[in-house]
1. Just the projected area, averaged over all directions, of the convex hull on the alpha carbon atoms of the stretch 200-244: how many nm²?
2. Hey, any idea what Rg/Rh is for the stretch 13-278, computing Rh the Kirkwood way over Cα pairs?
3. Could you put Trp170, Trp25 in order, starting from the residue whose Cβ has the fewest other Cβ atoms within 10 Å?
4. FRET efficiency for Glu92 and Trp24, Cβ-Cβ distance as r, R0 = 25 Å, nearest 0.05?
5. What ranking, highest mean first, results for peptides 259-267, 48-56 when packing means the other Cβ atoms within 10 Å averaged over each residue?
6. Quote the convex hull volume per residue of the stretch 1-69, based on C-alpha atoms, as a whole number of Å³.
7. Modelled label-to-label distance, Val206 and Ser245, 7 Å Cα→beta-carbon offset: nm?
8. Quick one: length gained pulling Thr2 to Ala150 fully straight, 0.36 nm per residue minus the C-alpha distance?
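What follows draws every value from the coordinates through simple rules; no lab data is involved. Just so you know, these numbers come straight off a predicted model, no measurement behind them. Cβ placement follows ideal geometry from the backbone for every residue including glycine, while neighbour counts extend to all protein chains displayed.
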Amino acid sequence: MTLYTPAPPARPFSDDKPTLLVSWWIAGLCSIVIALRLAGRYIRVEKLFIEDKIAGIFLIPLLLRTAVLHVVLLYGTNNISLSSSDLVLSREEIRRRSIGSGLVLLTRILHPAALWTLKFVNLEFFSRLVAGGRRSYIVTLWFLRGTLVAAFIAIVIADLAECRPFSNYWAVIPDPGGQCRQGYAQLFTTSICSALTDVMLVVFPVPIIASSRLKLSRKIILMLLFSLGLMNVAVSAYRVPKVLSENGYQGTRTTWASMEILMGTFVANALALGSFIRDNGAKKSKFRHYEQGSSGPRSGGGTLDGERGRKVTSMVVKRAPSGETSDSGTLVRGGRGLSRTASKDSLIPRGHAATPSLEAGVYGMKTTTIQVTVSEPGDGVDGGRPRGYKAPLAMPQAVSQSMSASARGVERGSTILLKEMEALPPSRPVSRKGQ
């Protein structure tokens, strides 16, 4: 029994129009999902994580595949039965089918390229979750990366090495044989490798979630979300017998390959989009603004507290290293992002990381603690001026404004770095001679 089946009968382009419309619709829907992910992430944290950038790269093979498929379905391929007496191919039709047959090779590489990009999105998300955890997790991540690369290379080899001589891939007349027009080696290799890697990506986070300190209900929800990858396995398992039942008809093969990409896009982005909807996960730091006359911190000495009627006479500035907690019990996070183990996305309990290090490209921020000494308005002098002193009308008055520090320790609206500040010397009354 041979692996290859007889060629399907030739069909007009009108039969392939629904397949073409579905392919473009799926490509557009996947692009919208990726755009929502990138926009949502940037709005929340003002940066893109590695997995978000990889998700953006996914659009390249997706759109290229759809554009090439348009030509393939329009021109047709060499996978047609030539035994029919009603089939008469003109020279132009043979040329078009030859072009379509050559482009099919490219689509059979772009399809797994899109799928594997989505798998790397999931893998890099796991990498952010377990960074700083057990060494076995890190080693397993590298093993999964190597497995994905090796599987993709195997798919490319199966696609290009099945037919000999190589030019028979786009031969129409005479019939080049099933190994040159049906591409079953690539079909089986892609489906098997895709299913196995999806199962590995589903199994990998299970022990991490089970050993975390999350509530049981939360663990179950996360396991269900990560188990969505099994839907890809189901699509891959159904796709192979469906294509074989129709003798490798290109329209059926294209439809189920597009469905596989749609399912992979949903699985790779479900957790990220779900966190945006629930408003949890990593967020950018929010700085509180205080104005003069409020009960919060003040921006300088000599100003009055509107509620307590007290006057700021001095202040001392200290720095707290990144990663420590402030007096209010708030964990100091800084730089352009959160520490991997401090992120709300992390499944490693805080304080249990094996190597407490920041992820690549993220820097710690040294926060500044300001201690303010206040006195009653009736004591001493007002900002170093004699009591009863009135400023000339031409002297510019102080303007009430809000000041805050950015994540890099630079005052917003200026280039003055926050430096160590010592206590101000006690102010002394200024006496006027001759009065």
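1. 3.3 nm²
2. 1.03
3. So the residues, fewest neighbours to most, are Trp25, Trp170.
4. 0.45
5. In descending order of packing, they fall as 259-267, 48-56.
6. Cα convex hull per residue, to the nearest whole number: 123 Å³.
7. Going from the Val206 label point to the Ser245 one covers 3.0 nm.
8. Gain on stretching Thr2 to Ala150: 50.5 nm.
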